[in-house]
1. What whole number of Å gives the distance from the Cα centroid of the stretch 161-203 to the Cα centroid of the stretch 430-496?
2. What FRET efficiency do you get for TYR213 and ALA459 if R0 is 41 Å and r is their Cβ-Cβ distance, rounded to the nearest 0.05?
3. Keeping the other protein chains in place, figure out the carbon and sulfur percent of the accessible area of the stretch 140-424, with a 1.4 Å probe.
4. How much length is gained on full extension from ARG205 to ALA357, taking 0.36 nm per residue of separation minus their Cα-Cα distance?
5. Looking at the square roots a ≥ b ≥ c of the eigenvalues of the Cα gyration tensor of the stretch 251-406, which shape do they give, rounded for a/c under 1.5, prolate if a/b is larger than b/c, or oblate?
6. Report the extension gain between ALA272 and HIS471 in nm, rounded to one decimal, defined as 0.36 nm multiplied by the number of residues separating them, less their alpha carbon distance.
7. How many nm separate the modelled label positions at ALA347 and HIS425, each set 7 Å beyond the Cα in the direction of the Cβ?
8. For ALA416 and THR221 in the same chain, what is the full-extension length gain: residue separation times 0.36 nm, less their Cα-Cα distance, in nm?
Amino acid sequence: MRGNQPCIFTGLPDRQDDDCACPDKAFVLTFKEPASCENDCACPDHGLTLTYKTNKPGRFAQARDIHSITLPAGFHLAFSPFAPAGPSILNHTAWQRWLSFSTPQPLSEKIDQDLAQQMLIYPAGYLPHPQPTQPTQPHTLTAWLHITNACSLDCPYCYVRKSSARMSLATGRGAIDALFISAQEHGFKRVKLKYAGGEATLHFRLVRSLHHYALEKANQTGLELREVVLSNGIHLQAEDAAWLAANQMKLMISIDGVGELHNQLRPLKNRAGTDTFALVQNTVDQVLLPRGIRPDVTMTVTALNAHGAADVARWAMIDRDLPTSFNFYRQNLLSASHTELQLEQQALIDGMLAAYAVIEANLPTRPFLDGLLDRVQTEAHAHTCGVGQSYVVISHTGRVAQCQMYLDEPHNPPLANDLLPLISHGAIQNPAVDSKLGCQSCEFRYRCAGGCPLETYRATGRWDVQSPNCHIYKTLYPAALRLEGLRLMKVHGYWH
Ligand code: SF4
Ligand code: SF4
C-alpha cells in the first residue's frame, strides 16, 4: 500500500505491475497481446497506427466515442475506439481522474500517461488519425491450401462442392513456391499455410510432404512459417497427432454443438445417425490432449444451434481449456436453399449471451476475447479480413481465389509467381471500415471493421455499408468486453 498516491497498474508486458497492487490508488488494467484463435477466415495482422499530430500537446481532453461499463468492486471498463488493443480497466481513483479530463488540462499525474497511451484522452482539439488509406504493411501472407474436395461429413451449410478431387503434390509445391516468392516481393515477414478442404486429414501424407517443402522454402528465404490444419476431427490417428506435435503444427477442429446437436449438423455422409460428436470427442480426449495438442475449437453458429453455444463454451473452454471461437454462418450459393440456416438475430444473441454466462461463471484467465464474437478482433484494425491484401486461397487445381467462399468461381486465375495482383483485383471488395456507411462513428469500428464484406454484399448489394449483423455485434460486443474486464480483474486478483 502506498496511500493515495496515484500510480498505474497495467497488463502491458513491459510494465512494473507489482508497484501498484493497492485498490485505492489510480490504476488501469489493460491487455495488449490478444491470443489469436484459428477460424476459417484470415484475420489481418496489420494493426492500425493511430496517432495524433502534435509535438507540443499542451492540454488533453477525454477522447471521443469512449464506451464505458461499470464493473464490480468499484472498477470501470473504458474502451477507446483508438486504443491499440483491448479495453482498460480503471479503479475508482483512475476513473475519477479520467472523468476530470472532461475539462481539458495538462498531463500532470503519472496515470495520465497511461490514459493517453490507451487513447482514453488525447490532445484537446485534435482527432486521432487512423491511416485507412495507408495501412501498415501486413506481416503475414496467409494461404488457404485446398487439399481436397472430399469430406466424410455432409454439413448443410458447407461451401465446398464435394468430390473426390484432391491437390497433387506438384500443384501444392507450385502454390508454396508462389507464396514465398510473393511474400518476399511484397515485404511480408511470414507465410501462414492453412491446410483445408474438404477434410485435409484424408490426405495427411500430402499435408506432411507440403509441410516439409514449405519448411525448406522458409529456411531458404528466411521467412517465418506458420501452419494449421483445419479438420472435422473424425479421422486423426495417433501417428498423425504425434507428427503434428513433433512439427508444432496447429490444429483447428469444428464443433457445432455438444452431443446430438453436433450429430444433426455434422452428419456422416450416407450414414446418418452416427454419433459424430463422440468421434470428435474421442479424438480430442484420447488422441490429441494426451499428446499435448490443444486444438483450437471453432463453432459455426446458426439459428439452429445458437442455443448450444453455451454447451460448446463449457465443453471446450471450461472443461478442456481450449482456445475457442464462435463464428456466424454465412450464406453461400450451395446452401441458399437452406433458408432455416439464415441468421435469426434474437436466437443468435440469446445463444451467445447464454455462452457468455457460462464463461463468466467459470472465468478462464487465459485470453479469450478474440474468439467470443464472429470476426471481431481485439487489436485495432481497419479491414475485417485479409481479403484483397494478405489472404490467398488456392484450389486443389491451382486456381487462385480471394476467399474460400469463391473457390469455384470459373474465372479464378491460375497460379502465378506474384499472387498479390491476382487477389487485389478480384470481385470481392474489402474496404476499410472508415469508408463504410454507418460505421464511421461506431465505438467498435476498429474491432468489428464492419463485418464480413461478402455477407454485407449479399445482404445489401453494397460493399461500403455496415454489416447486416450490426445489431448483433453492437449487442454482444459490450457483453464480451465486460467478460474481458472481469478476466483482467481476476488475473490481477480483484475478482474471483
Ligand atoms: S457493422 Fe456495426 S458494429 Fe460493426 S463497425 Fe459497423 S456500425 Fe460498428
Ligand atoms: S470475405 Fe468474409 S468469409 Fe471471406 S475471408 Fe473475409 S470475412 Fe471470411
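The values are calculated or read from the model by the stated rules, or taken from the named source; none is laboratory data. Predicted model, so just to flag it, every value in this text is computed and none were measured. Glycine gets a Cβ as well: all are built from the backbone with ideal geometry, and neighbour counts include every protein chain shown. These accessible areas exclude ligands, DNA and RNA; they are computed on the full protein's heavy atoms, side chains included. Shrake-Rupley method; radii C 1.70, N 1.55, O 1.52, S 1.80 Å.
1. With the stretch 430-496 and the stretch 161-203 each reduced to a Cα centre, they are spaced 30 Å.
2. 0.50
3. So the carbon and sulfur contribution to the accessible surface is 48 percent.
4. 50.5 nm
5. Judged from the Cα gyration tensor, the stretch 251-406 comes out rounded (a/c under 1.5).
6. Full extension from ALA272 to HIS471 adds 68.0 nm.
7. Result: 4.3 nm between the two label points.
8. Length gained between ALA416 and THR221: 68.4 nm.
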